[in-house]
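Student: Pasting a structure here, questions to come.
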Amino acid sequence: MKDKDFINIEILESILNYITDDIRKQFKSNLIYDNRTEYLLDINKYERSSVLLANYYQVDLNGKDLADTLLKLVYDTLNNPYFIFDSDDNFHIENTLVELESEENFMFNNPIYSWFDYSDWSNNHTSELKYLVQKILLSNEQHRKYNLNEIDLQVYREIISNPDLAKSINWRNFEFLLAKILEKFEYEVEVLKGSKDGGIDVIALKKNSSFGNERYLIQAKKWSNKVGVDPVRQLLWAHNEYKVTKSCLITTSKFTKGAWELADKYKWQIELKDYGKLNEWIDEAVKKL
């Protein structure tokens, strides 16, 4: 089992737990809830968790929206399969169910997990679950140390898509993410040792292009506040000092009006990418997976 399988399975179980807890609250508020109901819920959750795991290994996640795909996998697992005991007490799964002929079949094919269709899912459950997925991914990423080959662009796309979580990315992992994106754009990259606040973070080379060898400087600003004029001035100095083709300043935040105005004066030398452009950049790189 790969590392990403462990984290994805944790996500699936967390989604199932969230739905189960919501069903439990809805039943307690609106219906009779007793020991039998709790037993049915527990045994159904266990069985659906097993089917969910089996279905997970049948899904190709590559290049897809990770959170949306995992959510759909849970919903489809809860809605579609039926757990059947035949006349010889053999257990198997069917896509359709004609009738409930036995107590055993009822235990696994009652409508208890259909309740989430009737609770308030049109309100904010989907967004809450996506945020839950993103928080799990972020927590996992913050405790890992990467080399370039280990960066998962799909995971980072999910994290970056939420502005609050994007600000919580480890600054060094953010630099590795930018390097991975450039790799997907067929650049040779070097992540420099750097520091949190200064220096060039990534150097990207494109050899044998139509105009010969090209060299780019990348400065990463993993900031919560807006990036002002000073970092743009520093990048402009580094651009001239390194004598490169072009330089780029990228942030998980936004730029001030003054920063944009200064960059526009030197648009042939430097380029700015804010939070929105960063998302577009990741999406473009993910398409190349």
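Student: Go through (1) in contact with a helix residue (DSSP H, G or I) (Cβ under 8 Å, 6 or more places away or on another chain); (2) part of a helix (DSSP H, G or I) and name the single condition residue 144 misses.
Tutor: (2)
Student: Determine which single condition residue 235 fails, assuming it passes every other condition in (1) free of Cβ contacts under 8 Å to residues at least 40 places away in the same chain; (2) of a type in the set (A, V, I, L, M); (3) not in a helix (DSSP H, G or I).
Tutor: Single failed check for residue 235: (3).
Student: If residue 200 satisfies all but one of (1) within 24 Å of the chain's Cα centre (by Cα); (2) part of a loop (DSSP other than H, G, I, E, B); (3) in contact (Cβ under 8 Å) with a residue 40 or more places away in the chain, what's the number of the condition it fails?
Tutor: Unmet condition: (1).
Student: State all residues of the stretch 238-249 that are aliphatic (A, V, I, L, M) and either farther than 23 Å from residue 160 by Cβ or in contact (Cβ under 8 Å) with a residue 40 or more places away in the chain (or both); if no residue qualifies, say none.
Tutor: Keep residues of the stretch 238-249 that are aliphatic (A, V, I, L, M), which gives 238, 244, 249.
Across the stretch 238-249, the qualifying residues are 238, 244.
Student: I would also like to ask the following. Scanning the stretch 246-268 for residues that are basic (Lys, Arg) and assigned to a loop (DSSP other than H, G, I, E, B), which turns out nearest to residue 169 (Cα to Cα)?
Tutor: Out of the qualifying residues, it is 254.
Student: Ok, one more. Please determine whether any residue of the stretch 205-224 is open to solvent by 20 Å² or more (accessible area, probe 1.4 Å), over 30 Å from residue 141 (Cα atoms), of a type in the set (A, V, I, L, M, F, W, C) and within 32 Å of the chain's Cα centre (by Cα).
Tutor: No: zero hits.
Student: Could you please find all residues in the stretch 160-174 being outside any loop (DSSP other than H, G, I, E, B) and either farther than 16 Å from residue 146 by Cα or open to solvent by 50 Å² or more (accessible area, probe 1.4 Å) (or both)?
Tutor: Narrowing the stretch 160-174 to residues outside any loop (DSSP other than H, G, I, E, B): 160, 163-166, 171-174.
Within the stretch 160-174, 160, 163, 164, 165, 166, 171, 172 meet the criteria.
The values are calculated or read from the model by the stated rules, or taken from the named source; none is laboratory data. Nothing here was measured: the structure is a model prediction, and the numbers come from that model. Neighbour counts run over all protein chains shown; Cβ positions are idealised from the backbone, glycine included. Heavy atoms of the whole protein, side chains included, go into the accessibility calculation; ligands, DNA and RNA do not. Shrake-Rupley method; radii C 1.70, N 1.55, O 1.52, S 1.80 Å.
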